[in-house]
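S.K.: To start, I am sharing the structure in question, which I have written as structure tokens.
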Amino acid sequence: MSQSILVTGGAGFIGSHVVRRLVNRYPDYRIVNLDKLTYAGNLENLRDIENKPNYTFVKADILDLENIRALFRDFKFDGVIHLAAESHVDRSLTNPTEFSATNITGTLHLLIASKESWGSDKRKRYYQISTDEVYGSAHDGSKFTETTPIDPKSPYSASKASADHFVHAYFNSFGLPALISRCSNNYGPNHFPEKLIPLMIHNIITHKPLPVYGKGENVRDWLFVEDHASAIDAIFHKATPGSVYNIGGNNEWKNIDLVKYLCRLMDQKLQRADGTSEKLITYVTDRPGHDLRYAIDSTKLQSDLGWKPSVTFEQGLEKTVDWYLANAAWLSNVTSGAYQAYYNKMYSGR
């Protein structure tokens with residue numbers, strides 16, 4: 001194998017798309033998928049590539065530093081693409097210590113192991129996958145650029161911002177060849193239904209209420225997950241160490257407009273009367289510290305590396321809906337048990 005690449009969180013939503021892309025596009029790379037397999041990690045996401053000769057799965061926790069060091073010795077990694085994270089804002093409000101441990105300490109463990117293994121070898125790459133939420137809320141029609149000040153508003157975004165600062169520190173202090181990208185909201189196949197789009201799809205299918213925070217006026221930029229994976233591929237292979245790139249889909253939607261559009265699309269796909277699903281919309285108490293608007297400017301990425309989104313939001317959303325409708329067994333499996341307890345806690349009676 002010409003390279004050995006560690007992908008953390010590779011059984012999760014974004015991670016599984018990244019792993020699949022790398023395994024299929026680079027047959028001469030050894031792709032090692034490290035995942036703890038929490039509720040959001042699912043090896044069913046990777047059944048189509050699990051027997052590929054250049055793919056290896058390792059169940060492990062990034063909080064176990066000695067195990068991480070051992071994996072670096074065994075696989076002699078040339079690169080790390082770090083996606084493993086606690087990622088849902090609502091859960092960070094009720095359990096911030098879990099987010100601090102995984103997102104900050106876990107990242108630090110990977111940085112320690114990378115530095116010990118590589119030093120400042122510029123042929124290596126440590127790549128931190130971050131989020132636009134570290135910027136806080138965008139106002140007055142502005143968009144986040146790579147120089148927008150960090151201003152996190154939730155325990156989740158604070159933990160990701162702290163991790164980003166550690167990555168910068170390792171680049172500046174030790175010369176670790178590090179990269180960071182910050183993406184807007186992802187959507188697409190295999191997404192665990194705690195986030196807005198898969199939650200709405202699941203609840204429309206099962207005739208459950210569609211919980212919308214506040215008045216639904218919060219604005220998000222939406223990025224198709226396969227486009228995110230292609231951007232990660234480009235940044236990992238082409239970007240200069242020390243670089244930061246924003247990745248966005250150029251698709252700003254108010255939450256309520258998105259939910260209503262999805263209701264119409266689902267009614268069409270399920271052959272229900274127009275307006276059937278929209279009646280399920282339920283407004284719930286707004287999330288504390290809920291950022292009003294996220295908006296990504298990905299001009300730098302498009303200019304430097306030639307990346308651009310491959311689908312419009314409407315095209316990507318239809319692909320996503322079609323995937324969920326065609327994969328009812330997957331959806332049923334991930335929404336049993338733990339999901340139901342989570343949903344009841346987060347949304348019932350609110």
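S.K.: Being of a type outside the set (Ser, Thr, Tyr), within 21 Å of the chain's Cα centre (by Cα) and within 24 Å of Gly15 (Cβ to Cβ): is that true of Leu223 here?
M.R.: yes
S.K.: State all residues of region 147-183 that are touching a Gly at 6+ places or on another chain (Cβ under 9 Å), of a type in the set (Gly, Ala, Ser) and modelled with pLDDT of 95 or more; if no residue qualifies, say none.
M.R.: Listed by number, the residues that qualify are Ser157, Ala163, Gly175, Ala178.
S.K.: Follow-up question, since we're still on this one. Here is a check on your reading of the model: is Gly316 over 30 Å from Asp121 (Cβ atoms) and modelled with pLDDT under 95?
M.R.: no
S.K.: Also: Being among the hydroxyl-bearing types (Ser, Thr, Tyr) and either free of Cβ contacts under 8 Å to residues at least 12 places away in the same chain or touching an Asp or Glu at 6+ places or on another chain (Cβ under 7 Å) (or both) is the filter here, so list the residues in region 246-276 that pass it.
M.R.: Thr276
S.K.: What residue, of Gly275, Gly289, Gly249, is farther than 21 Å from Ser157 by Cα, outside any helix (DSSP H, G or I) and not hydroxyl-bearing (Ser, Thr, Tyr)?
M.R.: Working: Gly289 fails: farther than 21 Å from Ser157 by Cα; Gly249 fails: farther than 21 Å from Ser157 by Cα.
Just one listed residue meets the conditions, Gly275.
S.K.: Only one of Asp304, Asp291 is closer than 26 Å to Thr147 by Cα and modelled with pLDDT under 90. Can you tell me which?
M.R.: Working: Asp304 fails: modelled with pLDDT under 90.
That would be Asp291, the only listed residue that is closer than 26 Å to Thr147 by Cα and modelled with pLDDT under 90.
Here is a yes/no grid of residues against (1) more than 20 Å from Lys208 (Cα to Cα); (2) of a type in the set (Asp, Glu):
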residue	(1), (2)
Ile247	yes, no
Asn250	yes, no
Asp257	no, yes
Tyr261	no, no
Lys269	no, no
Thr276	no, no
Tyr283	no, no
Pro288	yes, no
Tyr294	yes, no
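S.K.: Quick test of your reading of the structure: Ser277 fulfils all but one of (1) on the phi < 0 side of the Ramachandran plot; (2) surrounded by fewer than 21 Cβ atoms within 10 Å (Cβ to Cβ). Name the failing condition by number.
M.R.: Evaluating Ser277 over (1) on the phi < 0 side of the Ramachandran plot; (2) surrounded by fewer than 21 Cβ atoms within 10 Å (Cβ to Cβ) leaves (2) as the failure.
S.K.: Of these, Asp267, Asp322, which one is of a type in the set (Asp, Glu), surrounded by 15 or more Cβ atoms within 10 Å (Cβ to Cβ) and at pLDDT 95 or above? Lay out the reasoning, then the answer.
M.R.: Values: Asp322 fails: surrounded by 15 or more Cβ atoms within 10 Å (Cβ to Cβ).
One residue alone meets the criteria, Asp267.
S.K.: Among what's in region 128-176 and is β-branched (Val, Ile, Thr), surrounded by 17 or more Cβ atoms within 10 Å (Cβ to Cβ) and more than 15 Å from the chain's Cα centre (by Cα), pick the residue that is farthest from Trp253 (Cα to Cα). So that I can check it myself, show each step before the final result.
M.R.: Here is the first cut: in region 128-176, the ones β-branched (Val, Ile, Thr) are 129, 131, 134, 145, 147-148, 150, 167.
Those left that are additionally surrounded by 17 or more Cβ atoms within 10 Å (Cβ to Cβ): 129, 131, 134, 148, 167.
Still in the running and more than 15 Å from the chain's Cα centre (by Cα): 148, 167.
Numbers: Thr148: 21, Val167: 31 Å.
This residue is Val167.
S.K.: So, one more: Take the conditions surrounded by fewer than 18 Cβ atoms within 10 Å (Cβ to Cβ) and of a type outside the set (A, V, I, L, M) and apply them to Asn42. Does it pass?
M.R.: It is false that Asn42 is surrounded by fewer than 18 Cβ atoms within 10 Å (Cβ to Cβ) and of a type outside the set (A, V, I, L, M).
S.K.: While we're on this one: Exactly one of these conditions fails for Glu226: (1) in contact (Cβ under 8 Å) with a residue 24 or more places away in the chain; (2) surrounded by fewer than 16 Cβ atoms within 10 Å (Cβ to Cβ); (3) under 29 Å from Pro152 (Cα atoms). Give me its number.
M.R.: So the condition that Glu226 fails would be (2).
The values are calculated or read from the model by the stated rules, or taken from the named source; none is laboratory data. Quick caveat, the model's predicted, so the values are computed rather than measured. Heads up, the Cβs are rebuilt from the backbone with ideal geometry, glycines too, and the neighbour counts pull from every protein chain shown.
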